Amino acid sequence: MKEIILAVTGVFQVIVFAMMMYYFVLAFFGLIRKTEKKNYTPTKKFAMIVAAHNEEVVIGKLVESMLNQDYPRELYDVFVIADNCDDNTAKIARKYGVYVYERFNKDQKGKGYALEWLFDKIFKMQKKYDAVAVFDADNLVSKNWCKEINSKMLEGYKVVQGYIDSKNPNDSWIATSYSIAFWTQNRMYQLARANIGLSNQIGGTGFAIDTEILQEFGWGATCLTEDLEFSCKLILNGEKVGWAHDAIIYDEKPLTLKQSWVQRRRWMQGFTDVASRYFFKLLKKGFKERKWFVLDCALYVIQPFFTLMIGISTVLSFVQGMSPEGLNIFLISYLTGDFSFKVIGVMQFLITPLIMRLDKKISPGFFVMLIFYSLSVFILPIFATKVDNYSTVLLIDVVYNLAFLLATALFLGKKKLILFFRFLLYSLYTLTWIPITIEGMLRKNNKEWNPTKHVRNIEICDVQ
């Protein structure tokens, strides 16, 4: 039995390690910004669309930011879908003189259905648009958004995704964790892919689609992650999604673990659904045509299965690690060497704060403090080898963390102390992906949309 557990643990860890190293290497390409020759000649005409369900608290500030674009007013219009609303969303939006459509359909609920419904109406209008842009109701749109997206589309991209920032990163530890995750993904997943010629992924909000492409392929994306589904359709048809790093929208993040759990479970339900329908198609096309951007998309859509493997690998590792022989639970360290394994671990830990520093989300002092903190993987084992009692080792670990919390408070102040504590909790946030993914996979056939309540009535000037 011991040999079986050891073998299975090894297989899972090797696969997980290989995937982690792929994304780790990919992340390094996101650490630089290539010099871009931008064409800011106003050319493209946009239909800027918001799908809103009972969003009376936030809809006004979003529309204000959309109407304040540094782009000719005659080259964009704002459309608001009041989708199955029973509040004042439509009334508030109409005050701004934008197009407002009210939709009531209790059978086909959700953003995907609402968008498809409005796309059909826009296509039938006498006024024609070069592209449609999609936003969530809780967003705020940077003044240069249309200008940056227009520039990217003039390069030849038919679909462009903008930078998704956070409008409430300090509201709670969950909001901070979400913000850290999105800041990291914007560079590790999006900018990195753009830098090496891969396709980016539509992020659900803050993206624009050429109307001819939309009419040719059809939206048809009515699952719980309609953005991912449409990305797969594009890539299967040979189209790459472009990335506009300076076209920023600010998105409201959930405040509580419960809200976060429901939202991320919905994402994993959608991911699993899309993976089951598109993974093998992408894999086949990628190998047949030898196109790496297609294979990269195939790897991207199986994230739920990758997360599940991490969970299984973790459980098996601890079961194997409890063996009387006291084997190292991380078998990869046998292949790389203990020191190299720790160096890789430190680099993986520091990639996130490095990205945050590059985007000026944290101060230089806070980044240096995290560098010293990461060295614990080398320091703590020195103390651990001198004691035999597990409780004492655990106590040393706790004291080490408390010492850093105290040092942060003394040298960097209360706000940085809170940020450091939340940065530590970010690890807990990432671990919650494992049970959330399992639940999402089990419920992949449940297509019911559970909207997130938005309450932060913030103006664009408060976040820029």
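Every number here is computed from the coordinates shown, using simple stated rules; none is lab data. Quick caveat: nothing in here was measured; it's all calculated off a predicted structure. Here the Cβ positions follow ideal geometry from the backbone for every residue, glycine too, while neighbour counts run over all protein chains shown.
With a 10 Å radius around each residue's Cβ, average the other Cβ atoms per peptide and rank 63-69, 189-195, 376-382, highest first.
Numbers: 63-69: 19.7, 189-195: 22.0, 376-382: 12.6.
With the highest mean Cβ count within 10 Å placed first, the list reads 189-195, 63-69, 376-382.
Listed by chain and number, the lysines whose alpha-carbon sits under 18 Å from that of residue 416, ignoring those within fewer than 8 places in the same chain, are 360, 361. Length, then width, then depth: along the principal axes, the Cα atoms of the chain run 78, 55, 46 Å. Ranked by the mean number of other Cβ atoms within 10 Å of their residues, highest first, the peptides 406-416, 44-54, 196-206 fall in the order 44-54, 196-206, 406-416. Say the cut-off is 27 Å between C-alpha atoms; which of 37/240; 37/281; 95/143; 152/415; 34/342; 167/414 go over it? Pairs exceeding 27 Å: 37/281; 152/415; 34/342.
How much of the DSSP beta bridge set in the chain is antiparallel, as a percent to the nearest 5?
Numbers: 9 of 35 bridges.
Around 25 percent of the beta bridges assigned by DSSP in the chain are antiparallel ones.
Each of the peptides 25-38, 244-257, 87-100 was scored by the mean count of other Cβ atoms within 10 Å over its residues; in descending order, highest first, they stand as 244-257, 87-100, 25-38. For segment 59-146, taking Cα atoms only, Rg and Dmax work out to 13.1, 39 Å respectively.
Adding -39500 (n - 2.57) for every DSSP H run of four residues or longer, then dividing by how many residues the chain holds, sets the calculated 222 nm ellipticity at -18000 deg cm²/dmol. Rounded to the nearest 10 degrees, the angle from helix 338-358 to the longest Cα principal axis of the chain is 30 degrees.
What the phi angles of segment 394-410 give under the Karplus curve with 6.51, -1.76 and 1.60, with θ = phi - 60°, is a coupling list of 5, 4, 4, 4, 5, 4, 4, 5, 5, 4, 5, 4, 5, 4, 4, 5, 6 Hz, glycine and proline written as x.
How high is the relative contact order of segment 31-301? Use alpha-carbon pairs under 8 Å, at least six apart in sequence, and give a whole percent.
Working: 494 pairs, mean separation 57.1, N = 271.
Across segment 31-301, relative contact order equals 21 percent.
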